1. With the checklist (1) surrounded by fewer than 21 Cβ atoms within 10 Å (Cβ to Cβ); (2) in a helix (DSSP H, G or I); (3) touching a residue at least 12 places away in the same chain (Cβ under 8 Å); (4) not basic (Lys, Arg) in hand, flag the one item ALA193 doesn't pass.
2. Out of all the residues in region 221-234, is one or more of a type outside the set (A, V, I, L, M), without any contact (Cβ under 8 Å) to a residue 24 or more places away in the chain and either outside any helix (DSSP H, G or I) or crowded, with 18+ Cβ neighbours inside 10 Å (or both)?
3. Give me the pairs, please: first residue somewhere in region 158-177 and part of a helix (DSSP H, G or I), second residue anywhere and of a type in the set (Phe, Trp, Tyr), beta-carbon distance under 6 Å, and either six or more positions apart or on two chains.
4. Can you tell me which residues in region 53-67 are more than 10 Å from GLY115 (Cα to Cα) and in contact (Cβ under 8 Å) with a residue 24 or more places away in the chain?
5. Collect the residues in region 122-137 that are assigned to a helix (DSSP H, G or I) and surrounded by 15 or more Cβ atoms within 10 Å (Cβ to Cβ), keeping them in residue-number order.
6. Please verify whether region 12-21 includes one or more residues that are out of contact with any strand residue (DSSP E or B) (no Cβ under 7 Å at 6 or more places or on another chain), modelled with pLDDT of 65 or more, surrounded by fewer than 17 Cβ atoms within 10 Å (Cβ to Cβ) and polar (S, T, N, Q).
7. Does GLY209 satisfy the criteria of being touching a Gly at 6+ places or on another chain (Cβ under 8 Å), surrounded by 16 or more Cβ atoms within 10 Å (Cβ to Cβ) and part of a loop (DSSP other than H, G, I, E, B)?
8. Give region 138-175 a look and list any residue that's closer than 21 Å to ILE31 by Cβ, crowded, with 24+ Cβ neighbours inside 10 Å and either hydroxyl-bearing (Ser, Thr, Tyr) or touching a Pro at 6+ places or on another chain (Cβ under 9 Å) (or both), or say none.
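The values are calculated or read from the model by the stated rules, or taken from the named source; none is laboratory data. This structure is a prediction, so every number in the text was calculated from the model and none was measured. A quick note on method: Cβ atoms are made from the backbone with ideal geometry, for glycine too, and the neighbour counts reach across all protein chains shown.
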Amino acid sequence: MLRTIYILWLRQLKRYIRSKARLIGSLGQPILFLVALGFGFGPIYAKAGEGNYIQFLAPGIIAMSVLFTAMFNGIEIIWDRQFGFLKETLVAPVSRFNIMLGRTLGGATVAIIQGLIVFIISHLVGFRVSNWETLPIGILFMFLIALIFTALGTAIASMLEDMHGFQLIMSFVVMPTFFLSGSLFPLKDLPKAILIIAQFNPLTYGVDGMRQALTNMGHYTYLQNLSVSVVVAFIVLIIGSYLFSKIEI
């Protein structure tokens, strides 16, 4: 079991390391959001008495990078299915749950690496961690975000065979998830309808937990953020495993 998970985890990591274009391309959007929004809306945010907007924004942009990388990891399932590698993997004498878990952990690791790169870049544009002792907690929330949305991407990809269809669905899911998570704006004093949507968005609790760990600014408590993230990760892993087990080869 552990050997299978390790092999699939390592394979995902090697794919990422070899794909320089993927690494560079996936950094473009987070950097654009960080610089354009951070400096563009910074003066307005400061005039509203909320302080430094980059301090507030950076954890959300880090989460965005993790989210995008994690979700689009699912496209590799469709790619492997079209080129026959998935069939070779599924006929191996190991459970499909182990295969799914190995792929998910590998994709989550790639997403965390991407998030850490954006974290370093954010320091170059002025972001500062308020308390380095709570940095491991921030990385924990980063891992939970990566785990949830890698498993979700895998679940969706397990039901599709068309790569273009996957990209359309991902765009429909990813952008609302990101924009309605409190990544770009505080959750307090929001219109009730948007606040309700944000409360049912699992990314909201990952972003809030990470922001609290890195900047001491949080809407919910650590316990609330951690509890919701862990429960959602468990549920999505179960659903993803079930759908992955139903793939026909």
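1. Of everything listed in (1) surrounded by fewer than 21 Cβ atoms within 10 Å (Cβ to Cβ); (2) in a helix (DSSP H, G or I); (3) touching a residue at least 12 places away in the same chain (Cβ under 8 Å); (4) not basic (Lys, Arg), ALA193 misses just condition (3).
2. For region 221-234, residues of a type outside the set (A, V, I, L, M), without any contact (Cβ under 8 Å) to a residue 24 or more places away in the chain and either outside any helix (DSSP H, G or I) or crowded, with 18+ Cβ neighbours inside 10 Å (or both): present.
3. Partner pairs satisfying both residue conditions: SER158/PHE244.
4. ILE54, GLN55, PHE56, LEU57, ALA58, GLY60
5. Scanning region 122-137 gives SER122, THR134, ILE137.
6. No: region 12-21 contains no residue that is out of contact with any strand residue (DSSP E or B) (no Cβ under 7 Å at 6 or more places or on another chain), modelled with pLDDT of 65 or more, surrounded by fewer than 17 Cβ atoms within 10 Å (Cβ to Cβ) and polar (S, T, N, Q).
7. Here the answer is no, as GLY209 does not meet what is asked.
8. Matches in region 138-175: ILE145, PHE149.
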